[in-house]
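The values are calculated or read from the model by the stated rules, or taken from the named source; none is laboratory data. Everything quoted here is computed from the prediction, not taken from an experiment. No Cβ is skipped: glycine too gets one built from the backbone with ideal geometry, and neighbour counts run over all protein chains shown.
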Amino acid sequence: MPRVQEDFSPFPPILLPQVRRIYPTAVRVIIHSQLVHDPVWQLHHTSTTCAAFDEQGRTLLPVRPEEMPGLCELIHEHCGGGLQVLDIVA
């Protein structure tokens, strides 16, 4: 059954190699950057959550978790902040 492109943001092709290194079977990547308040230091900083899903909608674990911060920064740089749902249509 062919996949249907939904109303999600197009995936920038330049990010595909990095995503494939960390999530080889991902078809959708969701990234959520939020400005959060640190109650101890009384400072604001950006907290980023990234998740990837396979064809059946299952959450994937990163193969290379040490590269996750770099991937989050790349997606934030190319797609902007806030909630981004990127559909990888290969």
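In table form, for the structure just shown:
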read-out: Matching residues, segment 13-55, being outside any strand (DSSP E or B), within 14 Å of L71 (Cα to Cα) and among the hydroxyl-bearing types (S, T, Y); value: Y23
read-out: Residues that are buried (at least 16 other Cβ atoms within 10 Å of the Cβ) and either aliphatic (A, V, I, L, M) or under 18 Å from L35 (Cα atoms) (or both), drawn from segment 58-80; value: L60, L71, C72, L74, I75, H76, C79
read-out: Residue list for segment 7-21, filter: at pLDDT below 75 and either within 12 Å of the chain's Cα centre (by Cα) or surrounded by 13 or more Cβ atoms within 10 Å (Cβ to Cβ) (or both); value: F8, S9
read-out: Any chance L83 is surrounded by 13 or more Cβ atoms within 10 Å (Cβ to Cβ), within 12 Å of the chain's Cα centre (by Cα) and at pLDDT below 90; value: no
read-out: Selected residue [within 18 Å of F11 (Cβ to Cβ) and assigned to a helix (DSSP H, G or I)] from L86, L74; value: L74
read-out: Subset of segment 41-59 [at pLDDT 90 or above and under 11 Å from I30 (Cβ atoms)]; value: A51, A52, F53, T59
